[in-house]
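Scroll down for the structure; my scribbles are underneath it.
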Amino acid sequence: MFKFGFAKTATGTDEEDSDKKDKLEWISASKLEVTAEQIGAKYGADYYTETEVFPDYNLKLIRSDKVIKDLTKHNCQNIIEAETQHSDLIPAKYEGGLKIWECTFDLSQYILEEKIELKDKLIMDLGCGAGLIGLIALLKNSTVHFQDYNAEVLRSVTIPNVLLNFDNHANLLTKCEFYAGDWASLVTLFDDDENKKYDYIFTSETIYNPENHKKLYEIFKKRLKINGLGFVAGKTYYFGVGGGMRQFENLILKDGYFDVKLMWRSQNGVNREILKLTRKPYPEHCIFDV
Ligand SMILES: C[S@@+](CC[C@H](N)C(=O)[O-])C[C@H]1O[C@@H](n2cnc3c(N)ncnc32)[C@H](O)[C@@H]1O
């Protein structure tokens, strides 16, 4: 079962849980610059594992023990605490980006198998964590904006992963940007910036918390190009947390701006799926005078 920071304790009550939720303070969105120290860092072979994550895609990924060491050095107690307690996330503090979740593999595989054209596209890896989907897009010559709630995850995992897989860092850094913080304020941060309209927005395992569905959806609505496509990979239902694909899909359909199509569904194990979002040419509530 998904381990959520609000898992009820022996003494906890529903009221306490809902009080806690009301009081959550979400971190504002901001752009994270890659520092000279990060660019100059020398990663020895013991810093990463190199594996053929997908056929023909050998990726170097920073080792988790090195990540924990880096987080400890930077005194990121919240995240270390969650990790050491084997808690997948603590709402509004740590949102699970250290681990690579299984739907990331589903979506990456889908992108590769369907040969989605990524050359010279602008892409958002939304809720990126380790950033596998964005890495594949970068390797296919896209420009990629990586977003994770936790700046610490971007700094200790995503950015090292990106740097590890490319030699020409000067060129690389013209092709990627990193954003931390809450989705609601990311929408505001990007307001009036026409350059932040994406050909594709990919997201994996981000719909577990229904409280965040509206914020997540607003990014697709405001930031996908008119002919852009959104892909959402996730478990059909997140037991113990409450979020699920049908709930997220219904919210989108009710708003009337997008068509939603089921593109892939797992055949065994936990039910997982991939949805595609396409803008409707004429949203249902647009009434035209003729
Ligand atoms: C469970 S992790 C999944 C990470 C990665 N996509 C994967 O599949 O391995 C959820 C991701 O969504 C992001 N996220 C969750 N809630 C968020 C919020 N309210 N605002 C911004 N990002 C959020 C987290 O930072 C994290 O990157």
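The values are calculated or read from the model by the stated rules, or taken from the named source; none is laboratory data. Model, not experiment: these values are computed from the prediction. No Cβ is skipped: glycine too gets one built from the backbone with ideal geometry, and neighbour counts run over all protein chains shown. We work out accessible area using only protein heavy atoms, side chains counted, and drop any ligands, DNA or RNA first. Shrake-Rupley method; radii C 1.70, N 1.55, O 1.52, S 1.80 Å.
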Right, G40: without any contact (Cβ under 8 Å) to a residue 12 or more places away in the chain, open to solvent by less than 40 Å² (accessible area, probe 1.4 Å) and not polar (S, T, N, Q) or not?
no
Filter region 95-106 for residues that are near the ligand (Cβ under 8 Å from one of its atoms) and touching a residue at least 40 places away in the same chain (Cβ under 8 Å) and give the result.
E95, G96, G97, W101, E102, C103, T104
Tell me yes or no: at least one residue of region 66-79 is open to solvent by 40 Å² or more (accessible area, probe 1.4 Å) and either within 16 Å of the ligand (Cβ to nearest atom) or under 18 Å from D182 (Cβ atoms) (or both).
yes
When only residues in region 213-223 that are under 21 Å from K31 (Cβ atoms) and open to solvent by less than 10 Å² (accessible area, probe 1.4 Å) count, which is farthest from the ligand (Cβ to nearest atom)?
F220
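Has region 169-176 got at least one residue that is within 13 Å of the ligand (Cβ to nearest atom), more than 26 Å from K69 (Cα to Cα) and either more than 15 Å from the chain's Cα centre (by Cα) or free of Cβ contacts under 8 Å to residues at least 24 places away in the same chain (or both)? Can you show your working first?
From region 169-176, those within 13 Å of the ligand (Cβ to nearest atom) are none; that's our starting set.
Looking through region 169-176, none of the residues is within 13 Å of the ligand (Cβ to nearest atom), more than 26 Å from K69 (Cα to Cα) and either more than 15 Å from the chain's Cα centre (by Cα) or free of Cβ contacts under 8 Å to residues at least 24 places away in the same chain (or both).
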If you go through region 223-235 one residue at a time, do you hit one that is more than 27 Å from L135 (Cβ to Cβ) and not aliphatic (A, V, I, L, M)?
no
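If you scan region 232-244, which residues turn out to be more than 9 Å from the ligand (Cβ to nearest atom) and either crowded, with 22+ Cβ neighbours inside 10 Å or in a loop (DSSP other than H, G, I, E, B) (or both)?
If we filter region 232-244 for residues that are more than 9 Å from the ligand (Cβ to nearest atom), which is where we start, we get 232, 235-244.
V232, K235, T236, Y238, F239, G240, V241, G242, G243, listed by residue number.
Listed here are the residues, each with its yes/no results for (1) open to solvent by less than 30 Å² (accessible area, probe 1.4 Å); (2) more than 30 Å from Q77 (Cβ to Cβ); (3) more than 12 Å from the ligand (Cβ to nearest atom); (4) free of Cβ contacts under 8 Å to residues at least 12 places away in the same chain.
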residue	(1), (2), (3), (4)
L126	yes, no, no, no
I133	yes, no, no, no
L139	no, yes, yes, no
L163	yes, no, yes, no
A184	no, no, no, no
Within region 197-223, take every residue that is free of Cβ contacts under 8 Å to residues at least 60 places away in the same chain and in contact with a strand residue (DSSP E or B) (Cβ under 6 Å, 6 or more places away or on another chain) and give me the one that is farthest from N250 (Cα to Cα).
F220
Of the criteria (1) within 15 Å of the ligand (Cβ to nearest atom); (2) part of a helix (DSSP H, G or I), which one F202 fails
(2)
Any residue at all in region 256-274 that is touching a residue at least 24 places away in the same chain (Cβ under 8 Å), in a helix (DSSP H, G or I) and open to solvent by 40 Å² or more (accessible area, probe 1.4 Å)?
no
